[in-house]
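The values are calculated or read from the model by the stated rules, or taken from the named source; none is laboratory data. Note that the coordinates shown come from a computational prediction; the quantities given were computed from them, not determined experimentally. Here Cβ is always computed from backbone atoms with ideal geometry, including for glycine, and neighbour counts include all displayed protein chains. Quick note on the areas: whole protein, heavy atoms, side chains included, nothing else; ligands and nucleic acids left out. Shrake-Rupley method; radii C 1.70, N 1.55, O 1.52, S 1.80 Å.
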Amino acid sequence: MSVDLSKAGMVLATSDLSAGYDGRAIVSEIAVEASPGQVISIVGPNGSGKSTLLKSLVGVVKVLGGHVKLGDADITNMAPEEIAKLGVGYVPQIDDVFPPLSVKENLEIGGYLLARREIPARVDAVLEVFPRLKNMMTRKAGKLSGGERKMLAMGRVLMLSPSVLVLDEPTANLAPIVATQLLEEYVRGFAEHGSTVLLVEQRAKAALRISDWTYVLGGGRVVLAGAPKDLEQNPVFVESFLGGGTRPAPTK
Amino acid sequence: MSSFGFGLVTAAVLALATVGFTMQFAVTNVLNLAYGSVMINSAFVTYYLNIHGVPTWVALFGGVATGAIASWLLNQFVFTPFQRRNRPPITIVIVALGVDLVGTFGLQAIVGGSYVSFRQSPGHEYHFLGMFFSGLQLVILGIAVVVLGIIHWLLRYTRLGKAMRATSANPSLARNSGVKTKTIISTTWLISGALCGLAGTVFALNTGVFEATSAQLYIVLLLAAMFLGGPGEPYGAMFGALVIGLSTEISAAYVNPQYKEVIAFVALLGMLTFRPYGIFGSEKTL
Ligand SMILES: Nc1ncnc2c1ncn2[C@@H]1O[C@H](COP(=O)(O)OP(=O)(O)O)[C@@H](O)[C@H]1O
Ligand SMILES: [Mg+2]
């Protein structure tokens, strides 16, 4: 990535966090930490509470206990729009764009908190990162392909130069080549630029390749955590996430 | 051909009303069945200002303000509390129906049941293309064109309008983008309420004589126009209003004018059966 899109990162951390819907906890006793310049990934089976955890960090789902901290600030149960203002960009797993709005309007909403005159330059900067969006600016977001749509969703959060990127399965439904490119080029790229990246990913192998640290969620709790190279040696992890039995070749 | 001219004016009034109605539905998720009662209450505010000496076109702003404030209050103190308690949409619909009755018959209790009319001459008679228009009707047409143009500009080109559309499409994501959706929703009630007040006043002006229950059945026309164009679609609402306005007036020229609402209702049933998202609409596409 040639363009500076994000501000220096901040630490996003939780302590003894529990969160869920209608007062019922889906995730409990969660302590995770994501630091600037790193990709921190969360993997785990479907329904283990990965999305719920991310939503509780960005104010979409209610925190029932414990704390969420951004740098020194306690952002527990802050309104989503306030958390956005503090520099956390969140790309949800689904419903990640505004379908009836054009690509351009989606980016403009991404820059909603900016002064009007700052927006065109930011849009240009985001288009430098995702040049494919350039010639579809007037197309409705609902008409984009899966890959284009994810780029728009990421482009939307980059409009505010976030310090922290919270990405929920950005590669879901993408062709493997596109998914790899998205993770290795963009997601890793954000961290290389100094941002803090918290990534939920189904593709455990691909996630490990770009992560500095990985948490494994099971039944709403962190059941395992470690550096990728250690997890790759862990037989339980290999068995459940890296496609049983066969030890993966070291990636670097 | 003269019924076509009538139909255009009816359509213009209906378009103003339907755009406000559909915006409320799109941005705030409330199918505000009390819309007709806010219209007629606003018309009466304009009327009282008018008979106390305020010129109609100035008094009109009183009606607009009434619509805006009444709608805002309605949202703040009736709809939002119910929504906050996560009541199902049907609850809100029933509550709105109740508000409509209270609004209409409350007004009737205050102003009485007799017909009134503005101190406003219909003005010159103009005719072109075989259609007749009074000066008053031309002013109503002009107001509709200008105001709908402003709404178009608001929704397409302003920060507020884009935030309204974003809130309509995906409120959660809008908040994650920094949009204070609560403020956007309040503002939407003010703007759509102003449209409601304006529509109520020009509706009463266009009708000539009116009373407290005159807008009771208007909700049928609103629903028909809204569903024809696709619920939550302001441009669809304009189109739907044109079709419903013209077809009800033209058919009223041939059959009993009393059947206006029936014709609209048949159109509504047809839409609900065959194209519930309207001619242009997908599910929700402000
Ligand atoms: N809006 C919701 N209301 C109630 N329960 C939910 C909601 N969303 C998800 N859940 C439940 O929370 C659990 C975890 O879901 P989720 O966080 O989406 O898991 P993951 O992202 O790991 O697949 C699931 O059992 C799911 O049924
Ligand atoms: Mg998920």
Worksheet item: Any residue at all in the stretch A:151-169 that is under 20 Å from A:VAL43 (Cβ atoms), assigned to a loop (DSSP other than H, G, I, E, B) and within 16 Å of ligand 2 (Cβ to nearest atom)?
Response: yes
Worksheet item: Taking the stated definitions as given, is B:ARG165 open to solvent by 20 Å² or more (accessible area, probe 1.4 Å), within 14 Å of chain A (Cβ to nearest Cβ) and either part of a helix (DSSP H, G or I) or among the hydrophobic types (A, V, I, L, M, F, W, C) (or both)?
Response: no
Practice prompt. Kindly indicate whether any position in the stretch A:114-122 is surrounded by 18 or more Cβ atoms within 10 Å (Cβ to Cβ), more than 10 Å from every other protein chain (Cβ to nearest Cβ), over 18 Å from the mean Cα position of the chain (by Cα) and away from ligand 1 (no atom under 16 Å from the Cβ).
Written response: yes
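Looking at A:SER18, A:SER35, which is the one that is within 14 Å of A:VAL222 (Cβ to Cβ), polar (S, T, N, Q) and either surrounded by fewer than 18 Cβ atoms within 10 Å (Cβ to Cβ) or away from ligand 2 (no atom under 16 Å from the Cβ) (or both)? Break it down stepwise before answering.
Numbers: A:SER35 fails: within 14 Å of A:VAL222 (Cβ to Cβ).
Of A:SER18, A:SER35, the one residue that is within 14 Å of A:VAL222 (Cβ to Cβ), polar (S, T, N, Q) and either surrounded by fewer than 18 Cβ atoms within 10 Å (Cβ to Cβ) or away from ligand 2 (no atom under 16 Å from the Cβ) (or both) is A:SER18.
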Discussion item. Looking at the stretch A:29-49, I want the residues that are more than 9 Å from ligand 1 (Cβ to nearest atom) and modelled with pLDDT of 95 or more and have a partner that is in a strand (DSSP E or B) and among the basic types (Lys, Arg) with Cβ atoms under 8 Å, at least 6 apart or on another chain. Which pairs are those?
Written reply: A:GLU29/A:ARG221; A:ILE30/A:ARG221
Discussion item. Considering only the stretch B:228-235, I want to know if a residue exists there that is closer than 24 Å to B:GLY103 by Cβ, at pLDDT below 85 and not small (Gly, Ala, Ser).
Written reply: yes
Practice prompt. Go through the residues of the stretch B:242-257 one by one and say whether even a single one is assigned to a loop (DSSP other than H, G, I, E, B) and modelled with pLDDT of 95 or more.
Written response: no
Response to the item:
Checked B:GLN137, B:GLN120 against criteria (open to solvent by 30 Å² or more (accessible area, probe 1.4 Å), modelled with pLDDT under 95 and more than 17 Å from the chain's Cα centre (by Cα)); the one match is B:GLN120
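Output the residue which, of all residues in the stretch A:104-113 that are within 9 Å of chain B (Cβ to nearest Cβ) and over 16 Å from the mean Cα position of the chain (by Cα), is most open to solvent (accessible area, probe 1.4 Å).
The selected residue is A:LEU113.
Please tell me if A:VAL91 is more than 16 Å from ligand 2 (Cβ to nearest atom), touching a residue at least 60 places away in the same chain (Cβ under 8 Å), within 14 Å of chain B (Cβ to nearest Cβ) and out of contact with any Ser or Thr (no Cβ under 7 Å at 6 or more places or on another chain). If you could, list the steps in order and put the result at the bottom.
On the way: more than 16 Å from ligand 2 (Cβ to nearest atom): no; touching a residue at least 60 places away in the same chain (Cβ under 8 Å): yes; within 14 Å of chain B (Cβ to nearest Cβ): yes; out of contact with any Ser or Thr (no Cβ under 7 Å at 6 or more places or on another chain): yes.
No, not satisfied.
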Practice prompt. Could you tell me whether any residue of the stretch A:230-240 is under 17 Å from A:ILE40 (Cα atoms), open to solvent by 50 Å² or more (accessible area, probe 1.4 Å) and not small (Gly, Ala, Ser)?
Written response: yes
Discussion item. I need a count of the residues in the stretch B:214-235 that are open to solvent by 20 Å² or more (accessible area, probe 1.4 Å) and on the phi > 0 side of the Ramachandran plot.
Written reply: 0
Worksheet item: In the set B:GLY135, B:GLY106, which member is under 23 Å from B:LEU60 (Cβ atoms) and touching a helix residue (DSSP H, G or I) at 6+ places or on another chain (Cβ under 9 Å)?
Response: B:GLY106
Discussion item. Restricting to the stretch A:38-50, name every residue that is within 17 Å of A:GLY20 (Cβ to Cβ) and open to solvent by less than 60 Å² (accessible area, probe 1.4 Å).
Written reply: A:ILE42, A:GLY44, A:SER48, A:GLY49, A:LYS50
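Tell me, please, whether a residue that is within 14 Å of another protein chain (Cβ to nearest Cβ) and surrounded by 18 or more Cβ atoms within 10 Å (Cβ to Cβ) can be found in the stretch B:236-243. So that I can check it myself, show each step before the final result.
Initial filter on the stretch B:236-243 (within 14 Å of another protein chain (Cβ to nearest Cβ)): B:236.
After this cut, where a residue has to be surrounded by 18 or more Cβ atoms within 10 Å (Cβ to Cβ) as well, the list is B:236.
Yes: one or more hits.
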Discussion item. Condition (residue is more than 16 Å from ligand 1 (Cβ to nearest atom), closer than 14 Å to A:ASP95 by Cβ and open to solvent by less than 20 Å² (accessible area, probe 1.4 Å)) applied to the stretch A:131-140: is it met by at least one residue?
Written reply: no
Worksheet item: Which residues, counting only those in the stretch A:74-103, are within 16 Å of ligand 1 (Cβ to nearest atom), over 22 Å from B:LYS182 (Cβ atoms) and open to solvent by 60 Å² or more (accessible area, probe 1.4 Å)?
Response: A:GLN93, A:ILE94
Response to the item:
Across (1) open to solvent by less than 10 Å² (accessible area, probe 1.4 Å); (2) more than 10 Å from chain B (Cβ to nearest Cβ), A:GLY71 clears everything bar (1)
Worksheet entry | Every residue from the stretch A:51-62 that is open to solvent by 10 Å² or more (accessible area, probe 1.4 Å) and either more than 16 Å from ligand 2 (Cβ to nearest atom) or not β-branched (Val, Ile, Thr) (or both) | A:SER51, A:LYS55, A:GLY59, A:LYS62
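Could you please let me know if A:PRO45 is within 13 Å of ligand 2 (Cβ to nearest atom), within 26 Å of A:LEU224 (Cα to Cα) and more than 14 Å from every other protein chain (Cβ to nearest Cβ)? Outline the logic, then answer.
On the way: within 13 Å of ligand 2 (Cβ to nearest atom): yes; within 26 Å of A:LEU224 (Cα to Cα): yes; more than 14 Å from every other protein chain (Cβ to nearest Cβ): yes.
Spelling it out, A:PRO45 is indeed within 13 Å of ligand 2 (Cβ to nearest atom), within 26 Å of A:LEU224 (Cα to Cα) and more than 14 Å from every other protein chain (Cβ to nearest Cβ).
Give the residues of the stretch A:124-150 that are part of a helix (DSSP H, G or I) and within 13 Å of chain B (Cβ to nearest Cβ), sorted by residue number. Outline the logic, then answer.
Of all residues in the stretch A:124-150, those part of a helix (DSSP H, G or I) come to A:124-129, A:131-136, A:141-143, A:146-150.
Correct list: A:ALA141, A:GLY142, A:LYS143, A:ARG149.
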Discussion item. Test of understanding: among A:VAL216, A:VAL178, which residue is more than 25 Å from A:GLU81 (Cβ to Cβ), within 16 Å of ligand 2 (Cβ to nearest atom), in contact with a Gly (Cβ under 7 Å, 6 or more places away or on another chain) and away from chain B (no Cβ under 14 Å)?
Written reply: A:VAL216
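Every residue, every condition in (1) away from chain A (no Cβ under 14 Å); (2) more than 12 Å from the chain's Cα centre (by Cα); (3) not in a helix (DSSP H, G or I), yes or no:
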{"residue": "B:VAL146", "(1), (2), (3)": "yes, yes, no"}
{"residue": "B:GLY161", "(1), (2), (3)": "no, yes, no"}
{"residue": "B:LEU190", "(1), (2), (3)": "yes, yes, no"}
{"residue": "B:ALA194", "(1), (2), (3)": "yes, no, no"}
{"residue": "B:ASN206", "(1), (2), (3)": "yes, yes, no"}
{"residue": "B:ALA215", "(1), (2), (3)": "yes, no, yes"}
